[in-house]
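First the structure, in the form of structure tokens, and then the observations on it.
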């Protein structure tokens, strides 16, 4: 599945998972709204209608009293108006599904109209006793029948309203239960889909990141966890990564081979040049003048610089060609330090520099290192310290154990290195701008080789420096080195031509 399809599917699934509970909740809310609307438009309106009906019935009862005692045309007309009003209200009961009560009320109103007419006729004719009897037995009974029917309607309305309220409550509870149950499930599903989507994307990205870090660290043989044949964006990236790694490996192989071959081939002409210089300086081809001697000394210095450069190139070529392997064996640490002290004491005396070796009281008797390589590292650091320290300065070599490691510090009071140049001093061929203060010019390879050797031991080399105050190099090595670090395949295959 392509990245675009994966994103589209994942986002669509999350949207569906979140929308479905929302739609179902909206449906429950719609049912609740319908129930509430019925309560408002039917039950509440019917309740108002019944209230109006009772008021009109009371008015009809008062009109009947007036009809009985006054029995004039005005009271008769009033009674007819009240009856007509009740009939009109009765017609409205049909709209609120109170048909049974409406039919009973109509029958009672017909009886009321007939009784009221006869009562008026008898009262008008002066037969008050008959009129009163009609009022008691027929008119008032008809009004009471209307009241009774209204009571039945009110009971029906209360029951129906109660049912509506129960339905609304049930819908509310149903919606609450559904939201309480469905929302967490939807969120969990959305979270699961999101995690799957994140892992399906972040996994290949992290694999590519690890691969790029490996390439940046010199491991060009690192295999990605993504198959290049995968027909996705990540598969195409993996294929591009493998192509890049192969091309870089080939370039690395050619570079290592070229450095080795070029260094080896340069040795012979340089040796020939040095040989002829020695013959010229000895006067084999005639005694040189003072000016010629000065020129020969300058040429000799440059030839020595070329010799050191070729030697460094051969050293680093051999080290990389061996895959960064070191020959670990037991080393007497104090003997190694004493040898370094003896080797540089003469130089310190010649340069009039105070040289001290400080060892902790408790040092491991034996360490497992490549003695020649570590001697080369510490010798290079001490050489640099003397090279950049003026007469009257100080150089110190300090050694102390800590947490299963040995920390060696080489410090000087020399010219120092500027802060912006410190991150680059371990790069090949890089030289700080303090070379003018050096006793001899370097090649820019010594510190690069030193870092290679220290890291091959599983250690670390760091530097601190202040311009005008001095420089401190710290080498931290495990007491027992683990052996060679993993390096690129072309470095292993480079020809050792030295």
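The values are calculated or read from the model by the stated rules, or taken from the named source; none is laboratory data. Everything numeric here is computed off the predicted structure, so don't read it as measured data. Ideal geometry is used to build each Cβ from the backbone, glycine not excepted, and the neighbour counts take in all protein chains shown.
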Could you list, in sequence order, all residues of region 457-471 that are part of a strand (DSSP E or B) and surrounded by fewer than 18 Cβ atoms within 10 Å (Cβ to Cβ)? 460, 462, 463, 464, 466
Filtered residues of region 318-331 (kept if surrounded by 14 or more Cβ atoms within 10 Å (Cβ to Cβ) and either modelled with pLDDT of 90 or more or within 22 Å of residue 397 (Cβ to Cβ) (or both)): 326, 331
Options 220, 189, 224; residue that is touching a residue at least 60 places away in the same chain (Cβ under 8 Å) and not in a helix (DSSP H, G or I): 220
Can you name the residue in region 401-415 that is in a loop (DSSP other than H, G, I, E, B) and surrounded by fewer than 20 Cβ atoms within 10 Å (Cβ to Cβ) and is also farthest from the chain's Cα centre (by Cα) among such residues? 404
Strands (runs of 3 or more DSSP E) wholly in region 323-399 with at least 2 residues that are over 18 Å from residue 482 (Cβ atoms) and over 50 Å from the mean Cα position of the chain (by Cα) - which ones? 354-359
Say whether the condition of being buried (at least 17 other Cβ atoms within 10 Å of the Cβ), more than 18 Å from residue 339 (Cα to Cα) and at pLDDT 90 or above is met by at least one residue in region 390-400. yes
Determine whether residue 395 is in contact (Cβ under 8 Å) with a residue 60 or more places away in the chain and touching a strand residue (DSSP E or B) at 6+ places or on another chain (Cβ under 6 Å). no
So residue 269 ticks every box in (1) part of a loop (DSSP other than H, G, I, E, B); (2) surrounded by fewer than 17 Cβ atoms within 10 Å (Cβ to Cβ) but one. Which box is left unticked? (1)
Positions within region 222-232 being at pLDDT 75 or above and loosely packed, with under 15 Cβ neighbours inside 10 Å, in sequence order: 223
